[in-house]
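Beneath this line is the structure, given in structure tokens, with notes to follow.
The values are calculated or read from the model by the stated rules, or taken from the named source; none is laboratory data. Quick caveat, the model's predicted, so the values are computed rather than measured. Cβ placement follows ideal geometry from the backbone for every residue including glycine, while neighbour counts extend to all protein chains displayed.
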Amino acid sequence: MTVSLETFAEKLLAADDLCIVYHIRPDGDCIGSAFALALALKAAGKRCTVTGRDPVPNIHRYLTDRVPLDEIADPVYFTLDAVSPYRTGNFADQHFTFCIDHHRNNSIEADYKYVEEDCGACSEIIFKLICAMKIPVTKEIADLLYTALITDTQRFRTSDTTAQSFETAAALTRLGADIFGISRRNTFVKPRGRRMIEDALRESLHITHDGRLMTGIITQADLRRAEIEDSELEGINSFVEQYEEMLIGVTVRELPDGRSRCSMRTGGDISAAAICALHGGGGHYHAAVCELDEPPELAREIMEQTCAGYLPEE
Ligand SMILES: [Mn+2]
């Protein structure tokens, strides 16, 4: 049932023994939001834990390892930043009491659900929720929420970045968030492995239709060579966006099981969410994703065929 944020806050304050579930292949937004909320709920005297199918990416561990979690036998489940049951991984069949999200067409059923479509980051909602519960936002919470905000808005440049994104950032700045360090760490500095992957991706590019359609591939072999985990490549799907002529850009990432995850970025009036929906995926207007059972080279061909039909007439 969809409820107002006020009702959501009331119901959450009345609950205890919570388990917050972040989505598979976690990013800064779901991790920052989940651990910030856990800290807040614990400050309000509740028992709380955070879990997800995949481990917390190393880059965020310096913040999350400091969050003390409880062991809870029979928790109340809370999901955030996951658009569908599939995205909750091994919790796909779990009954969720609480659900918060910022994606279009969220398909998770929950007793209490609050979705703001197309807001910059889930953490903007989590910040409002913590404030609505009148729980103080500490520097630790602010750091986690800012990590989520800066990564999901890609330094405030996605098309979902709104005045609320900046208002949240201003508030978190006043609350002591490490603006310089978090931005630098998450959006600017590139470790050696990351640079190697970018080189491999550049090499793999297929650029057609006068540069308007481009596809690239990152394989498991690339990851091994660069000695980097897939989870350490947040933002890599936006690499294609640096090409000025690009209208549709797809980054095909080979999954450990040989299937392909196709991340799409679009410009102009082309809906990435609509194209990815054709292959069972979804997401935002200019950034969406779908998974194909095919290996990367074949998945690339399929995506090229699908996308070519969406390019405007020259
Ligand atoms: Mn998000």
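I'd like to know if segment 224-237 contains one or more residues that are more than 15 Å from the ligand (Cβ to nearest atom), surrounded by 15 or more Cβ atoms within 10 Å (Cβ to Cβ) and under 21 Å from His279 (Cβ atoms). Yes - at least one qualifying residue is present in segment 224-237. Scanning segment 13-35 for residues being more than 13 Å from the ligand (Cβ to nearest atom), assigned to a helix (DSSP H, G or I) and crowded, with 24+ Cβ neighbours inside 10 Å gives a total of 1. I'm trying to understand the selection: among the residues of segment 36-51, which are touching a Ser or Thr at 6+ places or on another chain (Cβ under 9 Å), within 14 Å of Thr64 (Cα to Cα) and away from the ligand (no atom under 16 Å from the Cβ)? Hits for segment 36-51 are Ala38, Leu39, Ala40.
Only one of the listed residues (Phe156, Phe180) is assigned to a loop (DSSP other than H, G, I, E, B) and either touching a helix residue (DSSP H, G or I) at 6+ places or on another chain (Cβ under 9 Å) or away from the ligand (no atom under 16 Å from the Cβ) (or both). That residue is Phe156. With the requirement that a residue be among the β-branched types (Val, Ile, Thr), within 18 Å of the chain's Cα centre (by Cα) and at pLDDT 95 or above, what does segment 69-123 give you? If the condition is that a residue be among the β-branched types (Val, Ile, Thr), within 18 Å of the chain's Cα centre (by Cα) and at pLDDT 95 or above, then Thr79, Thr88, Ile100, Ile108, Val115 are the ones that fit. Quick check, is Ser123 away from the ligand (no atom under 11 Å from the Cβ), of a type in the set (Ser, Thr, Tyr) and either outside the structural domain of His286 (by TED's automatic domain parsing) or closer than 16 Å to Tyr22 by Cα (or both)? Spelling it out, it is not the case that Ser123 is away from the ligand (no atom under 11 Å from the Cβ), of a type in the set (Ser, Thr, Tyr) and either outside the structural domain of His286 (by TED's automatic domain parsing) or closer than 16 Å to Tyr22 by Cα (or both).
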